[in-house]
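The values are calculated or read from the model by the stated rules, or taken from the named source; none is laboratory data. Everything numeric in this text was worked out from a predicted model, so none of it was measured. A quick note on method: Cβ atoms are made from the backbone with ideal geometry, for glycine too, and the neighbour counts reach across all protein chains shown. The accessibility values were calculated without ligands, DNA or RNA, using every heavy atom of the protein model including side chains. Shrake-Rupley method; radii C 1.70, N 1.55, O 1.52, S 1.80 Å.
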Amino acid sequence: MPTLRDLRFAIRALRGAPVVSALAIACIGLGIGSVTTVYSTATAFTFRPLPQMRDAGRLMLVAETPLSDRLQGTTVAPGTFDDLRALPEFSGVAALSGWTANVAGFDVAERVSGGRVSAGFFEVAGRSAALGRTFTADDVREAQRVVVLSGGLWRHRFGADPNIVGKSVQVDGEGHVVVGVMPDDFVFPAGTRIWTPLSLEPSAAADRTTRTLFVLARRAPGVSPDKANAAVAAPGT
């Protein structure tokens, strides 16, 4: 899947990064209950600031990783995601699951890379919609068929229609209402062209063994990387 390949490449590339101060890498323990022995830690990365994200220096990538290679993992289990969201050291924690979908509007369908995202994903990334809005908690909780388009897809597939918000487009053959369009410079992860709500069944949301979610966390104001790492490593988190 292109999105996950991009993420793996980006994280593995940190091994050779020459500027240590821009890539503070901290390996930390996380009390995550029933996660398997091989995958018994979480790794948090503060990464090189991205121009498409506001105040990117406060962002961290979080992954459950094998003890033998803490740069190998890119994802976490849904149960671990819930643990991270409860920590006050983060002002926001969001998850994304990559997938590809057929998108059709005024003509034939096009296969594009997309992301299913949790509530608050765009707020954690530090960006707002250029048109309309991003997802609300109700959109995610109620599994609404709504979609946010990238600026590039809006121009390419929908002719930069200024009235696109509120219209229905087909995503994998099902109607989804367009609630927003992101700025042209926001494409995260790389190559993503649409976003839909990430809604998990209760059993899936409680899963602590299947690592399916890419997690982005934003440190709260005044919280250093070391303090955030210490909070994640504390017993009972």
Of all residues in the stretch 74-86 being open to solvent by less than 20 Å² (accessible area, probe 1.4 Å) and in contact with a helix residue (DSSP H, G or I) (Cβ under 8 Å, 6 or more places away or on another chain), which is nearest to Leu200 (Cα to Cα)?
-> Pro78
Scan the stretch 138-158 and give yes if some residue there is of a type in the set (Asp, Glu), in a loop (DSSP other than H, G, I, E, B) and under 14 Å from Ser199 (Cβ atoms), otherwise no.
-> yes
Subset of the stretch 46-73, residues open to solvent by 40 Å² or more (accessible area, probe 1.4 Å) and modelled with pLDDT of 65 or more, comes to Arg54, Asp55, Gly57, Arg58
Within the stretch 190-223, residues among the basic types (Lys, Arg) and open to solvent by less than 30 Å² (accessible area, probe 1.4 Å) come out as Arg218, Arg219
Residues (touching a Lys or Arg at 6+ places or on another chain (Cβ under 8 Å) and either open to solvent by 10 Å² or more (accessible area, probe 1.4 Å) or farther than 15 Å from Ala190 by Cα (or both)) located in the stretch 135-159 | Gly152
Among the residues of the stretch 168-187, is there at least one that is aromatic (Phe, Trp, Tyr), open to solvent by less than 20 Å² (accessible area, probe 1.4 Å), in a helix (DSSP H, G or I) and touching a residue at least 24 places away in the same chain (Cβ under 8 Å)?
-> no
